[in-house]
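Heads up, the thing below is written out as structure tokens.
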């Protein structure tokens with residue numbers, strides 16, 4: 001049983017907004033939709049909710065056809081980016097708007113208003129008007145308005161984008177907990193990669209209305225299927241390279257401007273590739289690290305293959321908290337590495353320090369390289 005979209009397309013003013021979008025999301029799971037502005041993320045939610053009719057394709061949930069149904073009969077809740085609260089109604093009236101439209105009984109309204117507002121910890125705010133609420137409180141009211149209708153599918157369009165960092169974190173935890181507790185099938189649109197990793201059982205990447213990759217957060221971020229996905233998910237370190245030797249069907253040696261590494265994710269031997277290294281997968285090391293520690297290698301793999309030597313620190317870029325982004329350079333090839341501020345201090349690293357780097361073979365991801373690739377230009381000055 002699942003939410004299914006099959007070849008869903010949408011055209012507005014002769015512009016193709018959604019292009020044959022297909023997906024299957026098991027009931028009770030969450031899907032995060034990522035994509036650039038204008039990729040079609042919000043329109044995808046509106047089509048599923050029935051706010052816009054798709055011209056082509058099929059939408060179904062638990063084998064029930066939704067495509068011909070009006071929004072109020074789809075069992076879908078929608079939380080808008082701008083909350084869409086009625087300013088002349090207090091919080092309680094906003095929350096009960098949908099149940100009033102359904103002509104629900106007083107007992108039903110009282111039961112679900114109490115249950116949902118206590119769950120969201122806004123039961124003390126029911127008499128306040130939207131202008132009297134903080135952004136986080138308004139978002140909880142908007143979420144409560146959808147949840148009292150007990151939707152089987154919950155759609156959220158960048159619900160946390162207008163909130164400060166602390167409020168985003170608290171509300172993200174709350175939404176995830178409620179989604180799991182009530183086993184709601186959820187589709188969640190965001191630009192935030194950390195939100196995507198945390199909120200999604202699956203992640204879908206849209207480009208110009210097309211699905212370019214769908215999979216678990218681990219797969220999308222660590223093993224992107226295209227140059228666009230690698231670039232969009234902030235891989236940051238993307239170099240032109242070539243597979244120079246293949247040990248077996250699991251390991252190969254790749255050469256790129258910054259050095260040589262063993263990869264456990266690669267095309268055929270001799271292939272021209274993009275070498276993708278995420279900053280969080282690279283480690284600053286102060287002494288020789290055996291390749292076997294990182295790759296489990298045996299036999300003829302060259303010692304130290306998964307070390308990169310001779311890089312010097314260009315600058316430190318604070319990321320907030322205890323994390324720092326370190327920019328390194330070697331003969332014009334630049335690398336970005338996440339590290340803890342404490343480790344930088346312990347190693348007494350400063351601009352100009354020479355460092356060694358280590359990375360596991362499973363985190364050296366190689367993609368076939370095309371001459372006309374526009375997304376992953378090598379980061380070489």
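The values are calculated or read from the model by the stated rules, or taken from the named source; none is laboratory data. Since the model is a prediction, treat every value here as computed from it, not as a measurement. All Cβ positions, even for glycine, are placed from backbone atoms using ideal geometry, and neighbour counts span all protein chains on display.
The residue pairs whose first member lies in the range 32-56 and is under 19 Å from residue 160 (Cβ atoms) and outside the structural domain of residue 217 (by TED's automatic domain parsing), whose second member is at pLDDT 95 or above and not in a strand (DSSP E or B), and whose beta carbons are closer than 9 Å, counting only pairs six or more residues apart or on different chains, do not exist in this structure. Scan the range 44-54 and give yes if some residue there is within 16 Å of residue 190 (Cβ to Cβ), part of a loop (DSSP other than H, G, I, E, B) and under 18 Å from the mean Cα position of the chain (by Cα), otherwise no. Looking for residues that are within 16 Å of residue 190 (Cβ to Cβ), part of a loop (DSSP other than H, G, I, E, B) and under 18 Å from the mean Cα position of the chain (by Cα), one finds none in the range 44-54, hence no.
Scan the strands (runs of 3 or more DSSP E) fully inside the range 239-288 and keep the ones with 1 or more residues being surrounded by 23 or more Cβ atoms within 10 Å (Cβ to Cβ).
On the way: elements: 252-256, 259-263, 272-277, 283-285.
Where strands (runs of 3 or more DSSP E) fall fully within the range 239-288 and carry at least 1 residues being surrounded by 23 or more Cβ atoms within 10 Å (Cβ to Cβ), they are 252-256, 259-263, 272-277.
Table: residues versus (1) more than 24 Å from the chain's Cα centre (by Cα); (2) free of Cβ contacts under 8 Å to residues at least 40 places away in the same chain; (3) over 14 Å from residue 187 (Cα atoms); (4) part of a strand (DSSP E or B).
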residue	(1), (2), (3), (4)
18	no, no, yes, yes
23	no, no, no, yes
69	yes, yes, yes, no
111	yes, yes, yes, no
117	yes, yes, yes, no
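For the range 151-169, a residue qualifies if it is buried (at least 16 other Cβ atoms within 10 Å of the Cβ), within 18 Å of the chain's Cα centre (by Cα) and assigned to a helix (DSSP H, G or I), and exactly one does: 168.
Among the residues of the range 206-228, which ones are farther than 18 Å from residue 22 by Cα and not in a loop (DSSP other than H, G, I, E, B)? Within the range 206-228, 217, 218, 219, 221, 222, 227, 228 qualify.
Residue selection: residue 298 fails the criterion of being assigned by TED's automatic domain parsing to the domain that holds residue 237, under 24 Å from residue 194 (Cα atoms) and modelled with pLDDT under 95.
Against the definition (exposed (fewer than 14 other Cβ atoms within 10 Å of the Cβ) and at pLDDT below 90), how does residue 107 come out, yes or no?
On the way: exposed (fewer than 14 other Cβ atoms within 10 Å of the Cβ): yes; at pLDDT below 90: no.
When the stated conditions are applied, residue 107 does not pass them.
Given the criteria assigned to a strand (DSSP E or B) and either within 27 Å of residue 78 (Cα to Cα) or assigned by TED's automatic domain parsing to the domain that holds residue 80 (or both), does residue 203 qualify? So residue 203 fits the description; yes.
Residue count for the range 173-198, restricted to those that are crowded, with 19+ Cβ neighbours inside 10 Å and under 8 Å from the mean Cα position of the chain (by Cα): 3. For the range 228-238, the set of residues classified as crowded, with 16+ Cβ neighbours inside 10 Å and under 16 Å from the mean Cα position of the chain (by Cα) consists of 228, 229, 230, 231, 232, 233, 235, 236, listed by residue number.
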